[in-house]
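The values are calculated or read from the model by the stated rules, or taken from the named source; none is laboratory data. Predicted model only: the values in this text are computed from it and were never measured. Heads up, the Cβs are rebuilt from the backbone with ideal geometry, glycines too, and the neighbour counts pull from every protein chain shown. We work out accessible area using only protein heavy atoms, side chains counted, and drop any ligands, DNA or RNA first. Shrake-Rupley method; radii C 1.70, N 1.55, O 1.52, S 1.80 Å.
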Amino acid sequence: MDFQLSEDQRALRDGFRDLLAGRFDGTALRAAVDSGAPSLDRALWRELGDAGFFALRVPEEEGGVGLGLPEAVLIFEEAGRALLPGPLVATFLAARDVEGAARGAVVVTSVLTTADSGGLVPWLDEADVARGDVSGAVPLRSVDPLTPLHRVPGGGGAATPRQPEADLLIAAEQLGSAGKTCEMAVRYARERTQFGQAIGAFQAVKHLCAQMLVRTEIARAAVYAAAVTGDAPEIAGAKLLADEAAVRGARDCLQVHGGMGFTWEADVHLHLKRAWVRAGLGQSAAEAEEELAAAL
Amino acid sequence: MDLTCTEEEESFRAGLREWLARTLPGLPPRPDPTNWPGRRAYDTGWQRRLYDAGYAGLHWPLDAGGRGATPTQHLIFLEETEKAGAPYVGANFVGLLHAGPTIASEGTPEQRARWLPPVLRGDEVWCQGFSEPDAGSDLASLRTRAWRDGDDYVVSGSKIWTSHAEVADWCELLVRTAPVSEDVPKHRGISWLAMPMDAPGITVRPLRTLAGSTEFAEVFLDEVRVPVANRVGAENDGWRVTMVTLSYERGTAFVGEVVACRRVLADLAREARKNGRWDDAVLRRRLGRLSAEFGALWRLTQWNVSESQRAGTGVPGVGGSVFKLRYSHARQELYEAAGEVLGPGALDLGHEWTLDRLSSLSYTIAAGTSQIQQNIVAERILGLPKGR
């Protein structure tokens, strides 16, 4: 047993972190947010394709990178950290079936359904291919400025079975976001002074930050292990814990930022809103808990 | 990231399973919890069986009398013994998990030869004299004094929360050997002593816990003489020596318990299906969430063990605090859920879950309260400034 990242896995993760830092940094994020109607950066999408993002799990003999789910969660974690927009999960999962998806030339979206609330489709207007039954899709005014959403009435529900791999990749994005908001909160707590000291010296603030890390590390263990085993109930647990780590992490990060956290200018709300969207895509907390209970 | 065991690890597991299946049926009946001499005999008897079979001090280094097993083998040992329903470490806890590792890492060759083999054989039992009535979370403010008189220290003061004090042979004792002053901060001036529990001047007064049992005691020390040769580490360096011990306590100490909690959770589900409470979606979902929780805690254990295996030290890092924070809370949640499953039965002390529910209340307090653990995580992992 060696449940740690291998050197290759570290290099892969660091490589994508660098790529995203160069191509989609904080400035690019804000530009995308403030551009009004969200539009997909096709050039970036193709660069991701060139870097092997979408072809990561496509076998080498089919021209792919030939890696597995553990490597996939590492790059989706980085995408989550950077708040990279777009239907990444659907395109990634379509890499072998939809011509052009693996290269980043074709953008694929899909209905990500929860049985109880109907279907949601991200980025429907921008996608080249939509999988699942999207007839009658109605646009929402999405809470996340960088994820346009459509609702499918009645929810392609029965037509779209649960996709554990989609849930796992969403969970990996949530994990990345949870880690990032923990770092943001800690950095702010060290810089911001009140009563003559950094607010991070106050235990009330310290304990918020400590719990953010605890939730992140628990989610990390769950997500990485689920990627290794591919076990459906384990993926359900990973999604449950990662959703919680991301949503509560963003909430606590907002709290640590005080009044600044409530502004449009701070990035905190972008993490919170995306975390809400991801929690609403794929398996819900209620479904995950029921699945885990049934397996007891 | 690899969760599979090597061939060597699997053959270790198979050998252990086979030995457990052969050995456990021959154990004497478990003693009454109030019978302390009986509990000591039972626990040390189990330790002796482990020693004879070559499983004692599995993860201790070879030169300390251990087996030099990898952290993964140690994890397998804790997992399999718990799954088989083997006895707990019990009265051997301090010797095997605190005092022993400290002596192994900080003691002289003579000290190691004197104290380690009897711990491994189950011949001697240790207790811990760290906390004091006025030094709990702020352990470094301890006031039990030791002054030199020839080749002895003369020790006076009092200790509290000392488990197994009534039946222990030795006490790992923290004493102040230099008074706090402008030049000596409270973390310096502490020394680590091995105190024989039969020395004159020691009075043990059992403390009754809220569960009704006497699991620990107060220990009063009135001019107790402890040879200077019993000091482990340099004089006034006991705080650093102690940190070695505490990192063990926060590391692998709960591995078997996570396995046990997963079994209890499965039992809760079985009981709820039987008594009809399973129809309550709120309770059902609560149990489902606990399943995710303990599954992840088990994975975090494997993560931490792999990390220490790579570091090559076997000593768990501060990540143990992350684990302990989440685990202690999850254990309390588990027994709160047990209370719901039992319904009126939750008020019956005759049910083991009721007693376990009471015991679980100590988990967010013992071995560093959750509040102190959060300070540790915030300051040592996240790098937030120290403050009040």
Residues located in the stretch A:268-296, provided they are more than 8 Å from chain B (Cβ to nearest Cβ), in contact with a helix residue (DSSP H, G or I) (Cβ under 7 Å, 6 or more places away or on another chain) and not in a helix (DSSP H, G or I) | A:LEU281, A:GLY282, A:GLN283
Among the candidates A:VAL143, A:VAL228, A:VAL138, which residue alone is open to solvent by 40 Å² or more (accessible area, probe 1.4 Å), within 8 Å of chain B (Cβ to nearest Cβ) and among the hydrophobic types (A, V, I, L, M, F, W, C)?
-> A:VAL228
What is the number of the single condition among (1) within 13 Å of chain A (Cβ to nearest Cβ); (2) assigned to a helix (DSSP H, G or I); (3) of a type in the set (Gly, Ala, Ser); (4) loosely packed, with under 15 Cβ neighbours inside 10 Å that B:GLY343 does not meet?
-> (1)
Matching entry among B:ALA367, B:ALA330 (being farther than 23 Å from A:ALA198 by Cβ, open to solvent by less than 50 Å² (accessible area, probe 1.4 Å) and within 14 Å of chain A (Cβ to nearest Cβ)) | B:ALA330
Say whether the condition of being in contact (Cβ under 8 Å) with a residue 40 or more places away in the chain, more than 28 Å from B:SER105 (Cα to Cα) and either at the interface with another protein chain (Cβ under 7 Å from one of its Cβ atoms) or in contact with an Asp or Glu (Cβ under 9 Å, 6 or more places away or on another chain) (or both) is met by at least one residue in the stretch B:295-316.
-> no
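Test of understanding: among B:TRP303, B:TRP278, B:TRP353, which residue is in contact with a helix residue (DSSP H, G or I) (Cβ under 9 Å, 6 or more places away or on another chain), buried (at least 16 other Cβ atoms within 10 Å of the Cβ) and within 21 Å of A:GLU290 (Cβ to Cβ)?
Numbers: B:TRP303 fails: within 21 Å of A:GLU290 (Cβ to Cβ); B:TRP353 fails: within 21 Å of A:GLU290 (Cβ to Cβ).
Just a single option satisfies the conditions, and that option is B:TRP278.
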Please work out which residue is least open to solvent (accessible area, probe 1.4 Å), limiting yourself to the stretch B:121-145 and to residues that are part of a loop (DSSP other than H, G, I, E, B) and among the hydroxyl-bearing types (Ser, Thr, Tyr).
-> B:THR144
From B:PRO87, B:PRO29, grab the single residue that is open to solvent by 60 Å² or more (accessible area, probe 1.4 Å) and more than 14 Å from every other protein chain (Cβ to nearest Cβ).
-> B:PRO29
Output the residues belonging to the stretch B:187-239 that are open to solvent by less than 60 Å² (accessible area, probe 1.4 Å), over 19 Å from the mean Cα position of the chain (by Cα), among the small types (Gly, Ala, Ser) and farther than 30 Å from B:LEU347 by Cα.
-> B:GLY189, B:SER191, B:ALA199, B:GLY201, B:GLY233, B:ALA234, B:GLY238
Of (1) within 14 Å of another protein chain (Cβ to nearest Cβ); (2) part of a helix (DSSP H, G or I); (3) without any contact (Cβ under 8 Å) to a residue 24 or more places away in the chain, B:GLY387 satisfies every one except (2)
Quick one: would you say A:GLY86 is under 18 Å from the mean Cα position of the chain (by Cα) and either in a loop (DSSP other than H, G, I, E, B) or on the phi > 0 side of the Ramachandran plot (or both)?
-> yes
Selection within the stretch A:231-243 - more than 9 Å from chain B (Cβ to nearest Cβ), open to solvent by less than 20 Å² (accessible area, probe 1.4 Å) and within 14 Å of A:LEU69 (Cα to Cα) | A:ILE235
